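> There's a structure below that I have some questions on.
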Amino acid sequence: MAKRTRIIEGTWNCTSCDARDILARHRNCPHCNNPREETGQESEFDFGGVDAASGRALREGVTDEKARSAAAAGVDWFCDYCGASNRGDAPLCRHCRAQRSDTSRTLTEDAEPSHVPPPPPPAPRGAGRKWLLVGLSLLACFGTCMYWGSRSHELTGHVTSTAWTRTVHRESFQRVRREGWRDELRMTSPRMPVNGQGEVAGVENIRDCITRQRGTRQVADGTERVCETKTHRVQCGTEEKCTRKKLGNGYMQEECDDVPKYCKESYEDCRNRTRYRTEPVYDLSCTYDTYAWTQVERREESGRDSAPRWPELRTGPVDRLRREEKYVVHIGYTDDGQKEHQLEPRSEAEFLSWKKGQAVPLQVNNFGSVNVLAGDVTR
Ligand SMILES: [Zn+2]
Ligand SMILES: [Zn+2]
C-alpha cells in the first residue's frame, strides 16, 4: 500500500496590524509589510484541525512550486540584527542583508500541531469515574453520620435493681435406643459413671437393619455439548492512519497510509463435556442400644436480692448436675427522658460488686449506645 504525502501550509498572525491567518508563504504581512519575527508568537503557526480517528489534517494540501520549495528549504532562522525570519537555505537576511551567524536563533516548534482536539475519553472509564464520584459522596455522607453518631456525652446513672436466676439440671445416664449406619457401629460394652464421670456410652443389641438412602453420587451419563459466546479481533478492511511532522518553516509534512483495521467478532466456542446424573446411594441402617445423659429434672431459683442461691437437688449414683447462672443489673439514667441500661455480669463476684442505689458514670453516644465508665464492668 503506497504512502500518500501532503504538504500542509500553516498560517500566522501579524502583531503589528492584527491581520490574521496569513499564509506561511508570505514572509511579510500583506497588509502592513511587517516581516514575520519570533516575537509575539508570530512564528507559532496554526495548521488547522486534525481528524481524530485518522490523524489526517483537515486543511487541503498545497502542491504549487513556491510552497514545495519553501517547505524543502529547512528550518527558518531569525536575523540577529532586525529579527526578521529567513529561509533555512538563505545565507543573508532578506530584510537587512546581515549575515547569518553561528548564534542566529532558529525556529523551534512543538512536535504536534497545536489544534489537535483531545481524544474523547473512553466511555467505560467515564462511567467508572461517575460511579466513583457517587461512591465518594456516599462515603462522605456515611462518614459524617458515623461521626455524628459516635459523638458522646457523659452523665451519671444509678443502679435501680439487680436480679439473679440460677438453674440446676439433673441428668441421668440412661439407656436409649438409637439408629446408625451398620458400618459405623462397633459393639462396645457401656460403663456407668462414677460421680458423674468416666462413662462409656457403648453399643449393644444391633438389630432391625433395613436398607435406606444414605446419600447420592454423581454417575457419568454420556456427553453434552456446551457452547460459550466469545469475541475475538479480526481484520475488517483497512483504515487511513496519518503522521504529521512540522518542518520548522510554516509547513507541515503529512504521511498517510492504509493500515489493517480490526473489529470485534463474536463466535461460538463449543466443546463436549461429560454429563452426570445423580443416583441415590443405599446402605444398611440399624437400631441399637446405648446410654446417654438425659435431663430428668430441672429446678430454678431467682431473686432480686444480693444473695444468689443454688436450688437443692438430690443426685443418684448415675446422675450429674449441670448449673447455669444469669445476673442482670438495671441502671437508670436521665438523657432526654428516663432511660435504662442493662448489664449482665458474668460471675457472682462481679454481680455482688453492684449495689442498689450506687452511682454509675456513663458515656452515651448519639446512637444511644451506652458505655459504663466504672472500673470492673461487663457491658
Ligand atoms: Zn501586518
Ligand atoms: Zn535582518
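> Name the lysines eligible as straight-distance cross-link partners of Lys245: C-alpha to C-alpha under 26 Å, and not fewer than 8 places from it in the same chain.
Lys3, Lys66, Lys261
> Further question on the same structure: Given a Förster distance of 30 Å, report the FRET efficiency between Glu228 and Val134 from their Cβ-Cβ distance, rounded to the nearest 0.05. Walk me through the intermediate numbers first.
Values: r = 33 Å, r/R0 = 1.10.
Efficiency computed from Cβ-Cβ geometry: 0.35.
> Would you compute, from DSSP H runs of 4+ residues alone, the mean residue ellipticity of the chain at 222 nm, taking -39500 (n - 2.57) per run and dividing by the full residue count, rounded to the nearest 500? Could the numbers behind the result be given before it?
Values: 3 runs with 40 residues, N = 379.
Counting only the DSSP helices, I get -3500 deg cm²/dmol.
> Summing +1 for each Lys or Arg and -1 for each Asp or Glu, what net charge is found among the other residues whose Cβ lies under 10 Å from the Cβ of Arg320? It would help to have the intermediate numbers written out before the result.
Numbers: positive: Arg170, Arg322; negative: Glu171, Glu199, Asp319.
Summing Lys/Arg as +1 and Asp/Glu as -1 gives -1.
> Right, another one. Under a plain spin-label model, where a point goes 7 Å from the Cα along Cα-to-Cβ, how far apart in nm are Arg105 and Glu255?
Going by the 7 Å Cα→Cβ label model, 3.1 nm.
> Measuring from centroid to centroid over Cα atoms, what is the spacing of the stretch 230-304 and the stretch 76-102 in Å?
Taking the Cα centre of each part, the stretch 230-304 and the stretch 76-102 sit 68 Å apart.
> May I ask you to list the residues of the stretch 266-298 whose amide nitrogen lies under 18 Å from a point 7 Å from Cα along the Cα→beta-carbon direction of Gln218?
271-281
> Which whole-number percent is the relative contact order of the chain (Cα, under 8 Å, 6+ apart)?
Details: 773 pairs, mean separation 85.7, N = 379.
Worked out over the chain, it gives 23 percent.
> Hey, another quick one. Find the all-direction average of the projected area of the Cα convex hull for the chain, expressing the result in square nanometres with one decimal place.
Values: hull surface 185.0 nm².
The orientation-averaged projected area of the Cα hull of the chain comes to 46.3 nm².
> When Lys and Arg each count +1 and Asp and Glu each count -1, what net charge do the other residues less than 14 Å away from Glu300, Cβ to Cβ, add up to? Before the final figure, lay out each step's value.
Numbers: positive: Arg166, Arg170, Arg298, Arg299, Arg309, Arg322, Arg323, Lys326; negative: Glu297, Glu301, Glu312, Glu324, Glu325.
For residues surrounding Glu300, the net value is +3.
> Starting from the Kirkwood Rh over alpha-carbon pairs, what translational D in µm² s⁻¹ does the stretch 214-256 have by Stokes-Einstein at 25 °C and 0.890 mPa s? If you can, show how the numbers build up before the last one.
Numbers: Rh = 17.7 Å.
Rounded, D is 139 µm²/s.
> Among the aspartates and glutamates, select those whose C-alpha is under 12 Å from the C-alpha of Lys241, and discard any that sit fewer than 8 residues away in the same chain.
Counting by Cα, and skipping residues close in sequence, Lys241 has these aspartates and glutamates nearby: Asp51, Glu254, Glu255, Asp257, Asp258.
> How do 262-268, 91-97 rank on mean C-beta neighbours within 10 Å, highest first?
Numbers: 262-268: 10.6, 91-97: 13.9.
My ranking of the peptides, most packed first, is 91-97, 262-268.
> Right, next: Over what distance in Å are the Cα centres of the stretch 308-379 and the stretch 1-54 separated?
89
> Using only the alpha-carbon atoms, how far is helix 123-150 inclined from the longest principal axis of the chain? Give it as 0 to 90 degrees, nearest 10.
That helix lies at roughly 50 degrees to the long axis.
> A further question follows. Would you mind telling me which residue in Lys326, Lys246, Lys130 has the biggest mean-square fluctuation in a Gaussian network model of the chain, where springs connect alpha carbons within a distance under 10 angstrom?
Per the Cα network of the chain with a 10 Å cutoff, Lys130 tops the list.
> Using label points projected 7 Å from each Cα along Cα→Cβ, tell me how many nm separate Asn33 and Arg151, to one decimal.
About 7.9 nm, to one decimal.
> Leaving out same-chain residues fewer than 8 places away, which lysines sit with a Cα under 24 Å from that of Lys339?
Lys326, Lys355, Lys356
> Right, next: Cβ under 11 Å from Tyr333's Cβ, Tyr333 left aside: what net charge do those residues give with Lys, Arg +1 and Asp, Glu -1? The partial results should precede the final answer.
Working: positive: Lys339; negative: Glu154, Asp335, Asp336, Glu340.
Taking every Cβ under 11 Å from that of Tyr333, the sum is -3.
Every read-out reported here was derived from the displayed coordinates using simple, explicitly stated rules and does not represent laboratory data. Only a predicted model underlies this, so the values are computations on that prediction, with no experimental measurement involved. In this analysis, Cβ positions are derived from the backbone assuming ideal geometry, glycine residues included, and neighbour counts consider all displayed protein chains.
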